[in-house]
Every structure is written in C-alpha cells, then in structure tokens.
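Peer 1: Okay, handing you the structure first.
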Amino acid sequence: MQNHAGALNTSPHDAQSIAKRSLALSAVVCRVNLERFAGQREPEALRQQVLEWVDKLELWDDLEPTERRTLQAALGSLDYSVVLRSSWHVEGLAILSWSLKYSKFPPLDRKVDPHEVTDSLWFLNDDAQDIISTAELRPTVQIDAARELLYAIHVRVRDYNRNKNKVYFPDYIEESWLTALKIDRAQIFAQDDLAICGKTFDMVSEEQLHEFECIINERHRAIIWLTEEYPSYSGTPVDT
C-alpha cells in the first residue's frame with residue numbers, strides 16, 4: 001500500500017491556534033458530558049465555571065457556531081445527536097494534546113479517558129493561558145507518521161466492514177511510523193492483520209468493531225485538520 005498522498009510535512013495552523021482549538025474543544029467535551037446531570041446544582045455550577053473559563057481565555061472566537069450554542073445551552077436541552085457527536089471529539093482532542101507535547105500518543109484500540117485528556121491541557125486551570133503562550137508542536141516526522149498510520153488503519157477498518165476480508169497488514173505499515181510514534185508492533189498486528197485489542201477482526205464483536213472505527217475516525221479527523229486547511233474542525237472530511 002502506498003503512503004497517503006495528501007500528507008504534509010508542515011501544519012497550516014500555528015501552534016497557538018492549535019492550542020486554542022484544543023482548549024475550546026476541552027470545554028465542549030466537558031459541557032456535553034454534563035448533559036445527563038440536568039437539574040442538579042453542582043453540574044450547573046460547573047457549566048457556569050466552564051463559561052467563565054472560556055471568557056477568561058478569550059476562546060469564543062475559536063469555537064464553531066454549533067459549539068458556542070452547545071456551551072450556552074441549558075443542561076438537558078441538547079439534542080442527543082449533538083451530545084453523541086461532541087462526546088466522540090475527545091478522541092481527536094487526545095491527538096491534539098499529543099501534538100502539543102502534553103500527552104503520549106493514545107493507545108490505538110481503546111477509548112481515552114476524557115478527564116485525563118482535558119486535565120493534560122490544564123482544563124479549568126487559571127494558568128491554562130500558558131498552554132497558548134508556550135505552545136509548541138511535535139517534530140514533523142512524528143506528525144506525518146501519525147497522519148500516515150491513522151490513515152492506514154482507517155482504510156483497513158473500512159475495507160473489512162465492506163468486504164469481511166483478511167489482508168497482510170504489514171504491507172500497509174512502514175516501520176518508520178511505529179518508530180517515530182514509539183508504538184510496539186504487538187499493538188498493531190494480530191496474525192499479520194490489524195489487531196483490535198490484540199485480536200483479529202473475526203474475534204471481536206460488532207459493537208467492539210464499531211467503537212474502534214469511531215475512535216479511529218475522530219483521531220483521523222484531528223490529524224487531517226492539523227495538517228490541512230479546512231474552514232472548520234468538525235467539518236473536516238475524513239476520507240479513505
């Protein structure tokens with residue numbers, strides 16, 4: 001398999017813009033996770049704290065229109081589709097945090113912990129402005145490796161969903177990507193195909209496969225946004 005032709009060796013976004021997007025997305029992820037606590041005093045107080053934090057960091061212009069409405073909406077008033085879609089954004093946020101050197105590259109076959117991801121970016125911390133002012137991206141070789149690896153994995157998952165086939169997955173992967181990202185081969189391969197939780201496709205449930213594709217889809221979106229110019233983060237196409 002050839003490398004993804006669209007991969008770039010620089011980001012069109014400066015590190016400060018990526019940091020602002022990360023902090024803004026942290027606020028959105030927190031807000032939608034509060035939705036199930038409508039009518040409770042402490043979650044509503046936390047929602048207000050999030051709004052004040054966004055004000056303090058002057059992040060409103062870094063939020064998309066739908067994200068601004070989400071933050072400002074009363075608890076219990078959001079459509080389920082908005083909550084579901086925005087909740088999955090934490091997987092992309094993990095990639096943005098990693099790109100800014102605030103966390104390790106996330107395990108490929110399991111969901112991240114939302115609290116760990118937002119905490120890595122000093123969410124609700126008074127000193128979070130430092131995330132913006134000192135923002136610095138990882139080396140190009142690591143960003144490119146992440147783009148290529150996530151693309152290859154996404155292609156394989158969609159291929160299996162369509163064809164229920166088996167392939168020799170090492171042909172999809174270059175060792176240099178794994179080296180750059182410090183990923184053990186055992187995380188990637190199972191009987192020479194893509195591994196999901198250490199198992200082959202035929203050994204995982206449909207629910208596990210769907211969850212895995214959602215994880216990869218959102219992480220792939222984040223790395224595409226990071227390396228290409230699109231008018232919005234949520235509108236970034238995730239093509240394979």
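Peer 1: Over the chain, what is the mean sequence separation of C-alpha contacts under 8 Å (at least six apart), divided by residue count, expressed as relative contact order in percent?
Peer 2: It comes to 27 percent, rounded to a whole number.
Peer 1: Evaluate the stretch 15-133: find the radius of gyration of its Cα atoms, find its Kirkwood radius, and give the ratio Rg to Rh.
Peer 2: Ratio value, two decimals: 0.94.
Peer 1: Oh, and also: Which of the trypsin sites (Lys or Arg not before Pro) found in the stretch 160-240 are loop residues per DSSP with 10 or fewer other Cβ atoms within 10 Å of their Cβ?
Peer 2: K164, K182
Peer 1: Just tell me the longest site-free run in the chain, where the sites are GluC sites (Glu not before Pro) in a DSSP loop having at most 13 other beta-carbon atoms within 10 Å.
Peer 2: The segment 137-228 is the longest one with no such site.
Peer 1: Compute the orientation-averaged projected area for the chain from the convex hull of its Cα atoms and round it to one decimal in nm².
Peer 2: If I average the Cα hull's projected area over directions, I get 12.8 nm².
Peer 1: So, in nm, how far is label H210 from label D159 when the simple model puts each one 7 Å beyond its Cα toward the Cβ?
Peer 2: 2.5 nm
Peer 1: If the cut-off is a Cα-Cα distance under 26 Å, which lysines reach K56, setting aside same-chain residues fewer than 8 apart in sequence?
Peer 2: Correct list for K56: K20, K101.
Peer 1: What distance in nm separates the two pseudo spin-label positions at R36 and A74, each 7 Å out from Cα along the beta-carbon direction?
Peer 2: It works out to 2.3 nm between the two label points.
Peer 1: Please give the charge dipole size of the chain, origin at the Cα centre, charges +1 on K and R Cβ atoms and -1 on D and E Cβ atoms. Round to the nearest 20 debye.
Peer 2: 340 debye
Peer 1: As a test of the definition: which semi-axes, in Å, follow for the stretch 140-227 when you take the square root of five times each eigenvalue of its alpha carbon gyration tensor? Largest first, please.
Peer 2: 21, 15, 11
Peer 1: Each label point is 7 Å from the Cα along the Cα-to-Cβ direction; what then is the distance between the points at E228 and D119, in nm?
Peer 2: 3.5 nm
Peer 1: Quick one: dipole size for the stretch 24-162, taken about the Cα centre, charges +1 on Lys/Arg Cβ and -1 on Asp/Glu Cβ, in debye to the nearest 20.
Peer 2: 660 debye
Each reported figure results from applying straightforward, stated rules to the coordinates on display, with no laboratory input. Since this is a predicted model, take the numbers as computed values, not measurements. All Cβ positions, glycine included, derive from the backbone under ideal geometry; neighbour counts span all protein chains shown.
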